[in-house]
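Here the structure comes first, spelled out in structure tokens, and everything after it is commentary.
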Amino acid sequence: MIKKVGAALAVAMLSGCGGKTMMVSDMSGMVAASPASPWLTVQGAGQTVVTLTGLDTKTKVQVAPDLDAVVQAQVRSALQPKYFTDLIINCRSLEVGVAAKTDDDAATTNANLDLSVSCRIVARGLVVSKGYRVRQSSPIDPAAPHFDTLLPALIRGASNQLADQLWTDVVATGVKR
């Protein structure tokens, strides 16, 4: 409850900052649904505000909890059924950015979420270190982007895409489950 009040106060303070819109997106349900597993970590700068650029006004979303926890929970949920003993995945330098772009041909505007992270996979002693980049897109109405509800869907899609790429590299080590 105190966190929600603090987030609401932060939104109120930041929304008065000249022409920018601040919304709140509570993603704690996405984290709570994740199993607790110490074999997977995702770390970044603890980003709690995501800005949608490319529109006439910048739209900001206050994310609770931070994006590191949300992405970690989503990737963990996707990979948990595939887990085997002696598998460790540690991801660092998580960065998330969202920009609106209008297609010249179709006259539609899409919100593009770009997620990048560097991960180290240790699968029964075999090590893979690699950088990952994923993009999720969704059409939006520039007049009413509803970014606070769109952002969780974009993060869920990008996290699942990241989980697929991570699992591909786990399988590529040749380790049998």
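With 14 Å as the cut-off, how large is the P(r) tail for region 29-115, expressed as percent of Cα-Cα pairs?
Result: 69 percent of Cα pairs exceed 14 Å.
Along each principal axis, taking the top coordinate minus the bottom one, the Cα set of region 49-93 gives 50, 19, 18 Å in descending order.
Test of understanding: express the Cα radius of gyration of the chain as a ratio to 2.2 N^0.38 Å, with N the residue count.
On the way: Rg = 17.6 Å, N = 177, 2.2 N^0.38 = 15.7 Å.
This ratio for the chain stands at 1.12.
By how many degrees, 0 to 90 and rounded to 10, does the Cα axis of helix 147-172 deviate from the longest principal axis of the chain? The angle comes out near 20 degrees. Volume of the convex hull of region 74-136 (Cα atoms only), normalised per residue: 110 Å³. Summing Lys and Arg as +1 and Asp and Glu as -1 over all other residues whose Cβ lies under 12 Å from the Cβ of Val50 gives a net charge of -2.
Taken per residue, the accessible surface of region 29-177 reaches 49 Å², heavy atoms only and a 1.4 Å probe.
Phi angles of region 84-98 translate, via the Karplus equation with coefficients 6.51, -1.76, 1.60 and θ = phi - 60°, into HN-Hα couplings of 9, 4, 6, 10, 10, 10, 10, 10, 10, 6, 5, 10, 10, x, 10 Hz per residue; Gly and Pro are given as x.
Using the alpha-carbon positions of region 113-154, Rg (one decimal) and Dmax (whole number) come out as 16.2, 52 Å.
Rounded to two decimals, the Cα-based Rg/Rh of region 77-177, with Kirkwood Rh, is 1.10.
Keeping the other protein chains in place, figure out the carbon and sulfur percent of the accessible area of the chain, with a 1.4 Å probe. Let's see the in-between values first.
Values: 5040 of 9230 Å².
Roughly 55 percent of what the probe reaches on the chain is carbon or sulfur.
Could you work out the helix-only [θ] at 222 nm for the chain, with each DSSP H run of four or more residues adding -39,500 (n - 2.57) and the total divided by the number of residues, to the nearest 500 deg cm²/dmol? Value at 222 nm, helices only: -10500 deg cm²/dmol. For helix 67-79, report the angle its Cα long axis makes with the longest principal axis of the Cα atoms of the chain; keep it between 0 and 90° and round to the nearest 10°. Compared with the principal axis, the helix lies near 40 degrees.
The values are calculated or read from the model by the stated rules, or taken from the named source; none is laboratory data. The structure displayed is predicted, hence computed values, not measured ones. Note that we place each Cβ from the backbone using ideal geometry, even for glycine, and neighbour counts take in every protein chain shown. Heads up: the accessible areas ignore ligands, DNA and RNA and are worked out on the full protein's heavy atoms, side chains in. Shrake-Rupley method; radii C 1.70, N 1.55, O 1.52, S 1.80 Å.
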